[in-house]
Amino acid sequence: MIWLLFVVFFVLLLLRFPIAFALAISTFTYILFEGYPLVIIPLKMYSGIDVFVLLSIPGFILAGNLMNSCGMTDRIIRFSNNLLGHIRGGLALANIGASMIFSGISGTAISDTASIGSIMIPAMKKEGYEADFSCAVTAASSTIGPIIPPSLPMIIAGSLTGISIGKLFLAGAVPGVLLAIGLGVVSYNISIRKNHPKQSKASWKQRGSGFIHAFWALLMTFLILFGIIGGVFTPTEASVVAVLYALLIGTLFYRTLTWKSIVSVMTNSAGTTASLMLLVGFANLFGWILISEQIPQSLAEWLLTITQNKFLLLLLINILLIIIGSFMETIAALLIVYPILLNVAVSVGIDPIQFSVIAVLNLIIGLNTPPVGVCLFVASGIGKVSMEKVAKAGFPFLLVSILILMLVSYIPALSLFLPGLFD
């Protein structure tokens, strides 16, 4: 009856059910038809979230929301605009630059799209940029967040495999910078061709002022990253440090956080965390069913019967993951397929740290890939333009993202150089 699990799951996805509910209903249907005791549902869900490192997720979510609430996003955008606004299409480049900095706060693509997009998309439209281009560059640049540390998908990958999360953070740094550069080059070329506007060059005084205002966001990224890598604290402890840091900055330095806003942020963060943990629990139950039906072993054997050449195998896995990422939320996809494909990759000599970066990069590219690219939906909603137009405008960004993915896949040093320095 395994076919029933997949039929129900994909039908619900096509009907635009939230991924957590699609997982829940499909697994519940399977368990009922197979006659398993219903007590297996809470047991397997709890075992999926009973992982110490996952405690860092609510911390990082709360820290990101606190930093966003205290006006950090505005300061990041202002600083990026001071640096890049005088270049043709500079506001689009500032959008990408802001995503690089904001990634150190949120670590998730959808948060980046919603937070930066709500400010940058209207601003770009007001300056004379096309609405579809404004949405496309915002959605594309948001994929930088889950690659540059700290990264929630990297935390999930580390918790599933026992790989050092500090090393996974380091492994994503160079690919993240390359992705930002690639998106910047595409954006600049489009802006030159379409004669997008540019602003007057900011003075060094304005740039210095912008840096001071954005300094605390930059410092937070380094504090978290080097604290974990240096063994000062674990990822879970780092998330608590990030929350305390955000509270300190918002209340004492910027003085924009009030008790009312803090309560509101905590309530929203609790809701986000609850929905995410529910997703993790149902994904673990889904994964248990797949394992009991020996689907992972069958998939691994099937891939290895096609080829045992690691270069061809990587190409097949990349294609598979991009397709999965275009239909499924990143963390759910990681929980279900990442451990399976990791075993296949390791069996042909691919380093697990490199493969982790490849998997995360693949799945976040899927967030900008039709038909279900979540970031495209969020950006198109903010910009009030159809998803089809945003997807068309975002095609050049999608191509350069895939190019960076290929480089990371076939040049191991891009993801392994920095972690290798700490062996």
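The values are calculated or read from the model by the stated rules, or taken from the named source; none is laboratory data. These figures come from a predicted structure and were not determined experimentally. We place every Cβ from the backbone using ideal geometry, glycine too, and count neighbours over all the protein chains shown. Each accessible area value is taken on the protein alone, full model and side chains, heavy atoms only, with ligands, DNA and RNA left out. Shrake-Rupley method; radii C 1.70, N 1.55, O 1.52, S 1.80 Å.
Tabulated results
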quantity	calculated
Unit charges on C-beta of K, R, D, E only; dipole of the chain, Debye	1640 debye
Heavy-atom accessible area order for His196, His86, largest first, 1.4 Å probe	His86, His196
Cα-based Lys pair tally, the chain, threshold under 27 Å, eight or more apart or on separate chains	21
Sum of -39500 (n - 2.57) over DSSP H runs of 4+, divided by residues of the chain (222 nm, nearest 500)	-25500 deg cm²/dmol
Equivalent-ellipsoid semi-axes of the range 43-199, from the Cα gyration tensor, Å, largest first	32, 16, 12
For Lys389, solvent-accessible area (1.4 Å; no DNA, RNA or ligand), Å²	120 Å²
Nearest-10 value in Å² for the accessible area of Tyr410, using the 1.4 Å probe	80 Å²
Separation of alpha-carbon centers, the range 1-53 and the range 212-233, rounded to whole Å	38 Å
Point-charge dipole on Cβ atoms (K/R +1, D/E -1) for the range 272-423, about Cα centre, debye to 20	460 debye
The chain: angle of helix 152-161 to the longest principal axis, Cα-based, in degrees nearest 10	30 degrees
With Cα atoms, 0 to 90° folded angle of helix 310-327 axis to the chain main axis	80 degrees
Residue-normalised accessible area of the range 65-196, expressed per residue, 1.4 Å probe, Å²	27 Å²
Principal-axis tilt of helix 109-127 within the chain, Cα atoms, nearest 10 degrees	30 degrees
Potential extension, Lys201-Ala270 segment - 0.36 nm per residue separation minus Cα distance	20.6 nm
